[in-house]
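J.: One structure, pasted below without further comment.
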Amino acid sequence: MPRRLVIAFVATGIVSGLLAAFVMQPSFRRSLPSVLGGGDARSASAAPDPFEHVVAKAVGSQVPVYEDPALGGARKFELPNPTEDGAPLIFLVQDQKPGWYYVILPVRPNGSVGWIRADDVTTSKHYYRIEVDLTAHRITVKHRDGVFLEEKIGVGRGPTPTPIGVFYTKELLRPPNPDTAYGAYAYGLSGYSNVLTDFAGGDGVVGIHGTNDPSTLGTDVSHGCIRLSNEAITRLAKYLPLGVPVIIKP
């Protein structure tokens, strides 16, 4: 999403090239535990409910990120709070051990993870997840009680595809003018374009947003973001918390 638009309505978080370089170290690129309830569980306390997700929100001016505490917990870098553009810093928790949370990091490269101290955040829970099927041009928002929303979407076109993987909603933005390609609301995700390292003044953050042109839904149309109707994005903005996992499939 373009930074010049984002700044106008609260902004996506921008992470410096230095931080991204740290995260690219192989020791930080572990495979992600599944947010769907299976995968590489790291503690016996993992919630049995596949829809229960824990969100961590920073309480101080920065959150240090560490290597695995079991391996000495070397401090790697800090993430600022609020982010460079004013958004509160949040994480989607994947696992925990006493005094620590294992989280997805909202930085490049996609799939980066690390450990943060429990004292540096507060936590909350929710019971939503978002599934995106790029081939079917379909978004399904699920709650533990059933399907909350399902509709067709616009996705990245050939040269600028929507990245696949597990991400989360890190901020909710409201454009000053809903009659644009960004629609009524826009969620900034923790993921980035695999093609664009900068776009219209921003750094290639992928988003889920509305649109003023519903005829583009069901097509490959964007620079990597996911478009849905203004009615749908407004409903999500009304009910969904931040930190909702977004599983994007081919």
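The values are calculated or read from the model by the stated rules, or taken from the named source; none is laboratory data. Please read all numbers here as calculations on a predicted model, not as lab measurements. Counting neighbours? That spans all protein chains shown, and the Cβs are built from the backbone with ideal geometry, glycine included.
Yes/no matrix, rows are residues, columns are (1) closer than 27 Å to residue 80 by Cα; (2) not assigned by TED's automatic domain parsing to the domain that holds residue 221:
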site: 117; (1), (2): yes, yes
site: 120; (1), (2): yes, yes
site: 134; (1), (2): no, no
site: 150; (1), (2): no, no
site: 162; (1), (2): yes, no
site: 169; (1), (2): yes, no
site: 174; (1), (2): yes, no
site: 177; (1), (2): no, no
site: 189; (1), (2): yes, no
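J.: Evaluate the following for residue 83: is it among the hydroxyl-bearing types (Ser, Thr, Tyr), under 19 Å from the mean Cα position of the chain (by Cα) and assigned to a strand (DSSP E or B)?
T.: Considered against the rule, which asks whether it is among the hydroxyl-bearing types (Ser, Thr, Tyr), under 19 Å from the mean Cα position of the chain (by Cα) and assigned to a strand (DSSP E or B), residue 83 comes out as no.
J.: Among the residues of region 36-49, count how many are surrounded by 13 or more Cβ atoms within 10 Å (Cβ to Cβ) and either over 21 Å from residue 245 (Cα atoms) or modelled with pLDDT of 90 or more (or both).
T.: Count: 0.
J.: Looking at this structure, is residue 155 in contact (Cβ under 8 Å) with a residue 60 or more places away in the chain, under 13 Å from residue 221 (Cβ atoms) and in a strand (DSSP E or B)?
T.: yes
J.: Hey, residue 103 hits all of (1) assigned to a strand (DSSP E or B); (2) more than 12 Å from the chain's Cα centre (by Cα); (3) in the same structural domain as residue 81 (by TED's automatic domain parsing) but one; which does it fall short on?
T.: (2)
J.: Filter region 53-79 for residues that are small (Gly, Ala, Ser), part of a loop (DSSP other than H, G, I, E, B) and under 16 Å from residue 118 (Cβ atoms) and give the result.
T.: Across region 53-79, the qualifying residues are 60, 73.
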